[in-house]
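Working notes for the structure below.
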Amino acid sequence: MAQTSEPLLIKRYASRRLYNTETSDYVTLDDIARFIREGRDVKIIDLKTGDDLTRQYLLQIIAEHESRGENVLPINVLTDLVRSYTTEVQSIVPQFLAASFEMLRESQSKLMENMNSMNPLRAVPGFEAMQAQQKAFLEAMTGGLAAWGKASKQGEKREGASASAEDLDEIKKQLAELQEKLAKLGQ
């Protein structure tokens, strides 16, 4: 299905049935998940009130996939997300997640564009910063933030004194760049 500028409008009736306005038929959550996987944006509204229910249904789709054993989000990440709703960190979490997924999409796109060149990853502007960001994000998504911290500490123990001040300076620089990007997104 081709990506269009308008999202697919799904109306929820009082009976809680979901109605696809393009094809004039009823759809299930699995159908909506398939539309999204195919690259289509969706908007789900309550027919009676006009309320936007998209977020609620997307969370329900994720919950159903997780309950079926299709675990994408580790317990540590889910726990951190729950904690973010009750702390001041809540204000940066949405921007961080959005920036991380956007960076992932951009890097995948650039990688595909440069697939035929000799070393496609080096041609991507800001490759090293992006690589560090993606590594942190993917580690958090696959092993949770606690496991990421443990792995970093174990890596430091293995490397011993070989970690240099230059590495620390580079990490600080990348963190500052990320904070600038997040600040721009928040404006």
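A few points about this structure:
This table checks each residue for (1) of a type in the set (Val, Ile, Thr); (2) within 28 Å of Val93 (Cα to Cα).
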| position | (1), (2) |
| --- | --- |
| Leu18 | no, no |
| Asp25 | no, no |
| Asp30 | no, yes |
| Asp41 | no, yes |
| Thr54 | yes, yes |
| Leu59 | no, yes |
| Glu64 | no, yes |
| Gly69 | no, yes |
| Asn76 | no, yes |
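- Residue that is farthest from Ile61 (Cα to Cα), among those in region 15-35 that are part of a strand (DSSP E or B) and not aromatic (Phe, Trp, Tyr): Asp25
- Counted residues, region 36-48 - those being closer than 12 Å to Leu58 by Cα, out of contact with any Ser or Thr (no Cβ under 9 Å at 6 or more places or on another chain) and of a type in the set (Asp, Glu): 0
- Matching residues, region 36-48, being part of a loop (DSSP other than H, G, I, E, B), among the charged types (D, E, K, R) and either touching a strand residue (DSSP E or B) at 6+ places or on another chain (Cβ under 6 Å) or over 17 Å from Glu6 (Cβ atoms) (or both): Arg40, Lys48
- Single condition Tyr13 does not satisfy, out of (1) free of Cβ contacts under 8 Å to residues at least 12 places away in the same chain; (2) among the hydroxyl-bearing types (Ser, Thr, Tyr); (3) over 23 Å from Arg105 (Cβ atoms): (1)
- Filtered residue count, region 50-77, keeping only those that are among the charged types (D, E, K, R) and modelled with pLDDT under 85: 1
- Residue selected from region 22-66 under the condition over 13 Å from Ile10 (Cα atoms), touching a residue at least 24 places away in the same chain (Cβ under 8 Å) and of a type in the set (Asp, Glu), by the criterion surrounded by the fewest Cβ atoms within 10 Å (Cβ to Cβ): Glu38
The values are calculated or read from the model by the stated rules, or taken from the named source; none is laboratory data. None of these values were measured; they are calculated from a predicted model. Cβ atoms come from the backbone with ideal geometry, glycine included; neighbour counts cover every protein chain shown.
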